[in-house]
Structures are given as structure tokens and as C-alpha cells.
Amino acid sequence: MNDSGPRGGYFWCLRHKRVESGDDVCPAQFRLGPYASADDATHALENVEKRNAAWDDEDARWTGEVS
């Protein structure tokens, strides 16, 4: 599961759906992070969904789709 990427912090593995850290991390293409804590990494997908929704709302305001 190793690649030559950073080893600091905690990552959410999209392939294994778990928190990974240290030398036991999947390649960068399969992970989100780094996060400061394992709990932050556990909630990574929730945060992504919230950010995407906020960006979609902003895009709609920018294009005039929402008043």
C-alpha cells in the first residue's frame, strides 16, 4: 500500500473505506487528506459533500440560476 507520498497525518482511503496513517497508506489517488486526527479523516466524505453543495450553490448564484 505504499507510495512515495507524505506520511504525516491521517488519510481516508477511498478504496478500503478506512482511516490510514504512517507507512500503511494507499497511493495518493485512493486517499483524501492529510487530516490532523483520525476522527477528522473519518468524516472526510461528509466534509467533501458539504463543500460540494456550497460550491454548487455559489455556482448557481453566480450564473443567476438562484435568486
Checklist (1) part of a helix (DSSP H, G or I); (2) touching a helix residue (DSSP H, G or I) at 6+ places or on another chain (Cβ under 7 Å) applied to Glu46, failing item: (2)
Pairs where the first residue, in the stretch 2-23, is modelled with pLDDT under 95 and aliphatic (A, V, I, L, M) and the second is assigned to a loop (DSSP other than H, G, I, E, B) and loosely packed, with under 12 Cβ neighbours inside 10 Å, C-beta under 6 Å, 6+ apart: none
Within the stretch 19-67, considering residues that are within 18 Å of Gly8 (Cβ to Cβ), out of contact with any Cys (no Cβ under 7 Å at 6 or more places or on another chain) and among the charged types (D, E, K, R), the one surrounded by the most Cβ atoms within 10 Å (Cβ to Cβ): Asp40
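The values are calculated or read from the model by the stated rules, or taken from the named source; none is laboratory data. All of these numbers come straight from a predicted model, not from anything done at the bench. So basically every Cβ, Gly included, is an ideal-geometry build from the backbone, and we count neighbours across all protein chains shown.
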